[in-house]
Structure formats: structure tokens, C-alpha cells
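As C-alpha cells, the structure follows; a few thoughts come after it.
The values are calculated or read from the model by the stated rules, or taken from the named source; none is laboratory data. This is a predicted model, so every value here is computed, not measured. Because the Cβ atoms are built from the backbone with ideal geometry, glycine has one as well, and the counts that use them run over all protein chains shown.
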């Protein structure tokens, strides 16, 4: 293989790709690293907020302040603003837990030794999307009744006549079928792509530094590759937060749509 006009040895070099996300079992078992990380994230969330609330006081300490800030962000900026002041409160625990769970699993990608975002495995975003789908459809059916909810989600207000023959299937497909798929794929795709880019620049930088001939070209190129890996990592940190926010916000929007008085 050539790069910048010079030969580079590819012996022993593994090009990063989708196969790197299929991690082997730990200690020869069927339990994989992403499985452990997902379980650990739940323990971290519970332990963290137990520590933050254990000595709650009127004048909060730093841990309590941090916990109240994150909770207030989800409560006020996502739940209340999206669902409305009348019915938002009962959804705050789910939305808060969802945001925190996704955020922790995303940020595993930049934690030394872990360095793998759990949400880059499609099964975990898909499971969360299914739970959210059950939540907003369940509350919608509870409020409107089964057939009333179907009408609410498929028949736009103020529309009548033959055009409904085209709109009703489209609305059903968009509001009932497609939403969990787009919810899961958005989170999965961004976490997958970000981790793959960091892996690619890091592995490429190592290969250029150690195996490129002539070295006076390989070393600068390898340094640039590592710098790009660091830059992508910082950008990925922002994306990790944004994807947790977007996943939670969209869930809140779907809940709001499901329990609204009009479609």
C-alpha cells in the first residue's frame, strides 16, 4: 500500500471497520463488554444520585447542586416545555432516567479502559426506542381509548373527504411504525460513526509512526492523524451529549403528541 508516495508495511495492521464492534465474550463467556457496560451504567446512575441526595440540604453542596442541575434541566427544559405544565410531571422520572442512562453509555466512548460507547450496538438503542414506543402509545391509548387513539394519530384535525384515503396510511406509517426505527437509528449511527472515526485515526497514526517508510514523511503524518483523533474525540463528546438530549427530547415530543387533545 502507498501513502503520500511512499511504501508502508501493512503486515499485522488491522483496518478498523464494523467488525471491531463485535467484541468477544469476557473470560471466554457469552457476556460481552457492552453487556457489562450497560449494567454498570445503571449501577453508576443509581449510586451517583444516591450520593448526591443522601445529605440533601437547603443550601446544596457541590454534588447535590450537580444532581439538581441535571434533574432541573430534564424537568424544565425537556419535559415541561415539550409536554406542557399540566401533565409533564408524571413523565419526568422516565425522561430523567432515559437521559442519564443514554448519556452514561455514550460517554463510555471516551473513558480510558472502557473506550466503547454501548449505544454503538444497535440492540441497546432499539430496546430503548421500543420502551419509549410502549410508553407514549400506552399513555395515548389510556387517554383516548384504542380506536380513539388510532384516529387521533392518523386523522389530521380539520381534514375530511377523499384526501384521507392517502393521508391516513401515511400518518399511521409515520406516527406509529417509523418513529421507533428513526429514534434508534439516529442514536446508533452517530455513536457508531464517532467511535469508528476515532479508532481509524488512532490506528492509522500508530501505523504511520511505526511502519511508514520513509520515516520523515510517516512521523509527521502519524502526528497529524493522532491530532485528528483527539479533535474528533472532543467533537464526539459534544455529539454524545446532544444525542442523549435529542433521544430524550424526541421521546417527550412523542408523548406530547400522543396525549394531546388534538392531532
Test: residue 232 is farther than 27 Å from residue 179 by Cα, assigned to a helix (DSSP H, G or I) and touching a helix residue (DSSP H, G or I) at 6+ places or on another chain (Cβ under 7 Å): yes
Selection status of residue 69, free of Cβ contacts under 8 Å to residues at least 40 places away in the same chain and either in a helix (DSSP H, G or I) or within 18 Å of the chain's Cα centre (by Cα) (or both): yes
Of residues in the stretch 44-57 being over 13 Å from residue 70 (Cβ atoms) and surrounded by 10 or more Cβ atoms within 10 Å (Cβ to Cβ), the one modelled with the lowest pLDDT: 56
Quick count over the stretch 127-139, residues being crowded, with 17+ Cβ neighbours inside 10 Å and either free of Cβ contacts under 8 Å to residues at least 60 places away in the same chain or more than 16 Å from residue 103 (Cβ to Cβ) (or both), is 6
Out of 238, 210, sole residue that is part of a helix (DSSP H, G or I), surrounded by fewer than 20 Cβ atoms within 10 Å (Cβ to Cβ) and modelled with pLDDT under 90: 210
Going by the structure shown, is residue 23 within 17 Å of residue 120 (Cα to Cα), in contact with a helix residue (DSSP H, G or I) (Cβ under 8 Å, 6 or more places away or on another chain), in a loop (DSSP other than H, G, I, E, B) and modelled with pLDDT of 70 or more? yes
Out of everything in the stretch 113-126 that is in a loop (DSSP other than H, G, I, E, B) and touching a residue at least 12 places away in the same chain (Cβ under 8 Å), what residue ends up being surrounded by the most Cβ atoms within 10 Å (Cβ to Cβ)? 117
Test residue 110 against the criterion of being surrounded by fewer than 22 Cβ atoms within 10 Å (Cβ to Cβ), modelled with pLDDT of 90 or more and on the phi < 0 side of the Ramachandran plot, and give yes or no. no
Of (1) over 17 Å from the mean Cα position of the chain (by Cα); (2) at pLDDT below 95; (3) assigned to a helix (DSSP H, G or I), residue 134 fails just (2)
Conditions (1) surrounded by fewer than 14 Cβ atoms within 10 Å (Cβ to Cβ); (2) in contact with a helix residue (DSSP H, G or I) (Cβ under 7 Å, 6 or more places away or on another chain); number of the one not met by residue 82: (1)
Considering 141, 104, which residue is within 26 Å of residue 260 (Cα to Cα) and either part of a helix (DSSP H, G or I) or within 19 Å of the chain's Cα centre (by Cα) (or both)? 141
